[in-house]
Amino acid sequence: MTRTYAVKEIFGPTIQGEGLHAGMPCLFVRLAGCNAWDGRAETRAASACPYCDTDFRGGTPLDLPTILLRLDALRPRTPDPGPRTWGCVLTGGEPLLQADQALLAALGAAFAWVDIETNGTRPCPPRPANVFISCSPKAITGQPVVVEPDWWKILIPEQQAFLDRALAGGTPVFVQPTCPDGGPVGSVYAENVRRCVDLCTAEGCRLSLQLHKYAGVP
Ligand code: SF4
């Protein structure tokens, strides 16, 4: 039987707003489902991610050829889309609940780079060298972080408890301010940005400001 993946959405072109490939053109594949929250508004405050603003519920079952066809249809033909910079972001929900070796190999072959945006609680299947793990760890009861990421993204202040572990690893550590008001606005956000800047100067972290939100793209 053909393997399918529950896909919430495939969209782009846009830019990667976070992490090592921030600012680069890309397409997004959002897989449905998450192990940190069931996605219902009434349970969000008690979840591991009370700031989550992503709709990852439901999804459509798609097989791998269909996913690749939909991605191909979104990639601009003219002008030259820049094959050395064009990437794909595999996100969720928690994408490693579903991603397998076949999906990662296919995306790695189709794009210059692929970022897996994971909470780190699921092991990553074997992957090509251009498929990267961006781990934004979450304190999920009974589900420890098990991946060894290519870089960390620590949400400040909610997940700051992971900072020591991230800094001990020797890979880049991004600190990203959360915003309770839905966008990069407001006094709480400004305070969280200040905390992040302090961590950059004190600990050598890198500031991650979700460029796509400033640019007004999805
Ligand atoms: S792990 Fe990510 S997608 Fe899942 S609830 Fe937390 S922030 Fe949202």
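We did not get these values from a lab; they are worked out from the coordinates using the rules stated. Note that the coordinates shown come from a computational prediction; the quantities given were computed from them, not determined experimentally. Glycine gets a Cβ as well: all are built from the backbone with ideal geometry, and neighbour counts include every protein chain shown.
How much length is gained on full extension from A215 to A139, taking 0.36 nm per residue of separation minus their Cα-Cα distance?
Numbers: separation 76, 0.36 × 76 = 27.36 nm, distance 3.00 nm.
Using 0.36 nm per residue and subtracting the Cα-Cα distance, I get 24.4 nm.
For region 4-174, take the convex hull of the Cα atoms, compute a quarter of its surface area, and give me that in nm², please.
Numbers: hull surface 38.8 nm².
Approximately 9.7 nm², given one-decimal rounding.
The modelled label-to-label distance between D55 and D181, using points 7 Å beyond Cα along the C-beta direction, is 2.4 nm.
Applying a 10 Å radius around every beta-carbon, put 149-155, 179-185 in order of their mean neighbour count, most first.
Numbers: 149-155: 22.6, 179-185: 12.6.
Packing proxy ranking, top to bottom: 149-155, 179-185.
For region 8-93, the list of trypsin sites (Lys or Arg not before Pro) that fall in a loop by DSSP and count at most 15 other C-beta atoms within 10 angstrom reads R40, R57, R77, R84.
Fewest to most neighbouring Cβ within 10 Å: what's the order for C49, C34? Show your work: numbers first, answer last.
Values: C49 20, C34 23.
Taking fewest neighbouring Cβ atoms as first place, the list is C49, C34.
Counting charges near L209 (Lys, Arg +1; Asp, Glu -1) among other residues having Cβ under 12 Å from its Cβ returns a value of +2. Nearest 10 degrees is fine. How inclined is helix 187-203 to the longest principal axis of the chain, computing both from alpha carbons? Long axis of 187-203 versus the principal axis of the chain: about 90 degrees. 7 Å from Cα along Cα→Cβ at both T85 and A202: what's the point-to-point distance in nm? Output for this residue pair reads 3.6 nm.
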